[in-house]
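Bear in mind that the values in this text are calculations on the coordinates, not laboratory data. Please read these numbers as outputs of a predicted model, since none were measured by experiment. Here the Cβ positions follow ideal geometry from the backbone for every residue, glycine too, while neighbour counts run over all protein chains shown.
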Amino acid sequence: MTRPLKLAFILDPIEGLKPYKDSSVAMMRAASARGHEVWAIRREALTWREGVVVASSVPLTVRTDNYDWYTAGEALAMPLSAFDAVLMRQDPPFDFEYVTATWLLERAAQAGVRVFNDPRSIRDHSEKIAITEFAQFTATTMVARDPADVHAFIDELGDVILKPLDGMGGSQIFRVRADDPNRNVIVETLTHEGSRTIMAQRYLAEIAEGDKRVLIIGGKVVPYSLARIPKQGETRGNLAAGGRGVAMELTAREREIAEYLAPILWARGLLIVGLDVIGGHLTEINVTSPTCMVEIADQQGFDVAGLVIDTLEEACAG
């Protein structure tokens with residue numbers, strides 16, 4: 001039997017989490033069900049002094065009741081080395097404070113703390129630009145900040161998606177056609193009049209069938225995706241933008257992409273990865289706080305959160 005582990009989760013304010021759908025809550029419940037200790041840390045509580053990273057840490061008693069799902073104990077100042085593993089699950093924005101947290105967590109990892117996802121890999125993997133490493137799987141894509149380049153891309157392809165590099169949940173994503181009367185103001189706004197780099201991609205009509213979230217856990221591909229299907233009249237499938245989530249088996253193409261990326265990303269210490277795939281094309285590689293575990297478990301019975309804890313148990317036993 002695996003010895004009880006002490007696991008710390010770096011989270012958004014715990015009182016704001018939605019336990020009926022939150023993947024971090026699912027992982028904490030899975031860990032607690034196996035007798036592991038669960039602790040919560042706020043990102044802003046991370047402190048470095050004289051070679052040690054410390055944080056105010058709160059022990060949690062976790063329950064399955066979505067209306068009363070946790071009890072918090074007394075906060076204690078704990079070195080991260082007191083935990084068997086630390087999971088960084090803070091949502092973006094990926095701003096300077098987020099980057100600072102990865103630097104501090106990197107110092108902890110250098111001192112022997114198991115941190116997932118690996119802080120350097122989080123920092124190195126822009127969730128949008130990371131796809132450029134795997135261009136063989138992407139749709140026609142351009143990364144640029146000069147409005148003239150963006151307009152030339154729109155004219156060439158006729159129908160494109162424009163998005164900022166630091167957005168999440170579908171925020172500030174625009175579909176722009178060559179004859180769109182608002183294209184100038186959209187490009188000006190997203191590029192901050194040429195001072196900010198954005199991503200442009202060929203519009204994929206297959207979005208009507210869903211923006212597929214494919215999860216990779218510890219280098220293992222989850223056999224089901226969550227297709228986030230846009231609501232009527234909407235281009236974005238993101239659940240935060242009103243999309244409907246339908247869990248389904250991976251297609252052959254989705255499995256091909258995921259199986260290719262899985263060992264590469266796990267070798268970089270990326271325990272939990274969420275690929276976004278539309279029409280067989282890779283559009284994003286999410287590594288900050290990938291979600292959709294609960295929907296896949298509820299609809300297909302595949303315990304994604306349990307697979308995370310399996311992997312942590314193996315890592316801590318090694």
What is the gain in length, in nm to one decimal, between E259 and D124 on full extension, counting 0.36 nm per residue of separation less the C-alpha to C-alpha distance?
46.5 nm
Do you know the Lys pair count in the chain for C-alpha distances under 18 Å, with sequence separation 8 or more or different chains?
6
Tilt relative to the chain, helix 252-267 - C-alpha long axis, 0 to 90 degrees, to 10
50
Compute the long axis of helix 23-33 from its Cα atoms, compare it with the longest principal axis of the Cα atoms of the chain, and write down the angle in degrees, 0 to 90, nearest 10.
20
For D68 and S56, extending 7 Å from Cα along the Cα-Cβ vector and measuring point to point gives, in nm, a value of 2.6
Per-residue ellipticity at 222 nm attributable to helices in the chain (runs of n ≥ 4 DSSP H, -39500 (n - 2.57) apiece, nearest 500 deg cm²/dmol) works out to -8500 deg cm²/dmol
For R268, which sequence-distant residues (separation of 5 or more, or a different chain) have an amide H within less than 5 Å of its own amide H, given hydrogens modelled in the peptide plane?
none
Label-point gap, in nm, between E188 and Q299 - each point 7 angstrom along Cα→Cβ:
4.1
Using Cα atoms only, what is the angle between the long axis of helix 147-157 and the major principal axis of the chain, expressed in degrees (0 to 90) to the nearest 10?
70
Using θ = phi - 60° and the Karplus relation 6.51 cos²θ - 1.76 cosθ + 1.60, list the HN-Hα couplings for the stretch 200-217 in order, rounded to whole Hz, with x at every Gly or Pro.
10, 9, 4, 5, 10, 4, 5, 4, 4, 8, x, 8, 7, 9, 10, 9, 10, 10
Per-residue ³J(HN,Hα) for the stretch 90-96, Karplus 6.51 cos²θ - 1.76 cosθ + 1.60, θ = phi - 60°, Hz, x for Gly and Pro:
6, 5, x, x, 8, 9, 5
Could you pull out every residue, at least 5 positions away or on a different chain, whose amide H is within less than 5 Å of the one on A85? Hs are placed 1.01 Å off N in the peptide plane, and Pro or chain starts have none.
K6, A8
Inter-part gap, Cα centre of the stretch 100-141 to Cα centre of the stretch 249-314, in whole angstrom, is 15
Could you run the Karplus curve 6.51 cos²θ - 1.76 cosθ + 1.60 with θ = phi - 60° over the stretch 118-124 and give me ³J(HN,Hα) per residue in whole Hz, x for Gly and Pro?
3, x, 5, 5, 4, 5, 7
Calculate, in nm to one decimal, what T140 and F96 gain on full extension: separation in residues at 0.36 nm each, minus their alpha carbon distance.
12.8 nm
Calculated FRET value between D149 and S171, using beta carbons and R₀ = 25 Å, to 0.05:
0.65
